[in-house]
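The values are calculated or read from the model by the stated rules, or taken from the named source; none is laboratory data. Because the structure is predicted, anything quoted here is derived from the model rather than measured. Note: ideal-geometry Cβ built from the backbone for every residue, glycine included; neighbour counts use all protein chains shown.
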Amino acid sequence: MKYLNEEFIANISKFNLRARLIVEGFIVGLHKSPYHGFSVEFSDYRQYNSGDSINNLDWKVYAKTNRYYIKRYEEETNLKSYLIVDHSASMGYASGKTSKLEYAKAFASALAYLMISQQDAVGLLSYTNKITNYIPPRSMRSYLTILFKTLHNLQPQAKTNTAQVLHSLAERIKKRGLIILISDMMDDPDKILQGLQHFRHHKHEVILFHLQDAKEIDLNFKQETEFIDSETGEKVTVNPWQIRKDYQKAYQQNCEYLKTRCHQSFIEYQPITTTTPFDEALLHYLIKRSKMM
């Protein structure tokens, strides 16, 4: 290909610049990654060589064999993270300038930029009612172009089947890592929680970013409105002010249920909206993660 598409280059550059500005604007003072020290497990021994540090000499082995052996460790300090982004049809909703999906794409790009800057490996999985993209974790800065391109191309489409996707990924990942789900949770909450618990069963750390539009929370519509289910096409016309109180109560109960169930399963639950400042979401995330180390 002789020439790259100028629009593509501009869009990827904007993604890169936006992610960098989000991260560096507020996290510039964080020099030590909160993920470092996540896990260091003993692997095996090797014979001592001149110049090796004596700190890792195993004196018990020396006492038994009269030979010097170094303890080797399996380094897990550079964490493997998986960003899981829902781009089903419901994620296309926007009551303002930014849709849930556009917010998710920008937020995921900032997370990826932050983690790779801290030399953590980042992978990406996108899904609707099936896995649409799977990019295994890498820690190279050049890898960001692949991640940004994939995120940029995501469009809201199809129905949601979050649970099936989570179970599939949980079986695929062998080494302990960090799982980050960004979704509007417009699916069966119990089935999604079972999928997240599958990761916990395999000792992964899990964070759920429950992404919502402000009007989904308060139903603040001023006139008779026709609501259309973006995934099924079902339509209903109502006067929002007549059902707002009951709607808000049911909505809050659902969020509290998710929060409680996540807490019981040692899963971080973080509700955010499309108006939540990116730096606030990132900072809150980093604080939460550092407390869990």
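What the table below lists for this structure:
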quantity	calculated
Within region 230-259, considering residues that are under 15 Å from ASP184 (Cβ atoms) and without any contact (Cβ under 8 Å) to a residue 60 or more places away in the chain, the one farthest from the chain's Cα centre (by Cα)	TYR251
Number of the condition not met by ALA214 [criteria: (1) touching a helix residue (DSSP H, G or I) at 6+ places or on another chain (Cβ under 9 Å); (2) surrounded by 12 or more Cβ atoms within 10 Å (Cβ to Cβ)]	(1)
Counted residues, region 118-146 - those being of a type in the set (Lys, Arg) and either touching a Ser or Thr at 6+ places or on another chain (Cβ under 6 Å) or under 26 Å from GLN164 (Cβ atoms) (or both)	2
Subset of region 85-98 [closer than 21 Å to ILE192 by Cβ and touching a helix residue (DSSP H, G or I) at 6+ places or on another chain (Cβ under 7 Å)]	VAL85, ASP86, HIS87, MET91, GLY92, TYR93
Any hit, region 118-135, residues being crowded, with 22+ Cβ neighbours inside 10 Å and of a type in the set (D, E, K, R)	yes
Contacts under 9 angstrom Cβ, first residue in region 175-191 being of a type in the set (Asp, Glu), partner in a loop (DSSP other than H, G, I, E, B), 6 or more apart	ASP184/SER88; ASP184/TYR93; ASP184/THR160; ASP184/ASP213; ASP187/SER88; ASP187/LYS159; ASP187/THR160; ASP187/ASN161
Sole exception among (1) touching a Ser or Thr at 6+ places or on another chain (Cβ under 6 Å); (2) assigned to a strand (DSSP E or B); (3) at pLDDT below 75 for PHE15, by number	(2)
Region 171-192, residues that are modelled with pLDDT of 95 or more and among the small types (Gly, Ala, Ser)	SER183
Filtered residue count, region 124-155, keeping only those that are of a type in the set (Gly, Ala, Ser) and more than 16 Å from ASP86 (Cβ to Cβ)	2
Subset of region 170-183 (residues that are surrounded by fewer than 20 Cβ atoms within 10 Å (Cβ to Cβ) and within 24 Å of LEU282 (Cβ to Cβ))	ILE173, ARG176
Out of LYS288, LYS249, LYS245, sole residue that is over 18 Å from SER90 (Cα atoms) and either at pLDDT below 85 or not assigned by TED's automatic domain parsing to the domain that holds MET115 (or both)	LYS288
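Here's the yes/no breakdown for (1) surrounded by 13 or more Cβ atoms within 10 Å (Cβ to Cβ); (2) at pLDDT below 75; (3) not aromatic (Phe, Trp, Tyr):
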| position | (1), (2), (3) |
| --- | --- |
| VAL28 | no, yes, yes |
| TYR35 | yes, yes, no |
| SER81 | yes, no, yes |
| LEU101 | yes, no, yes |
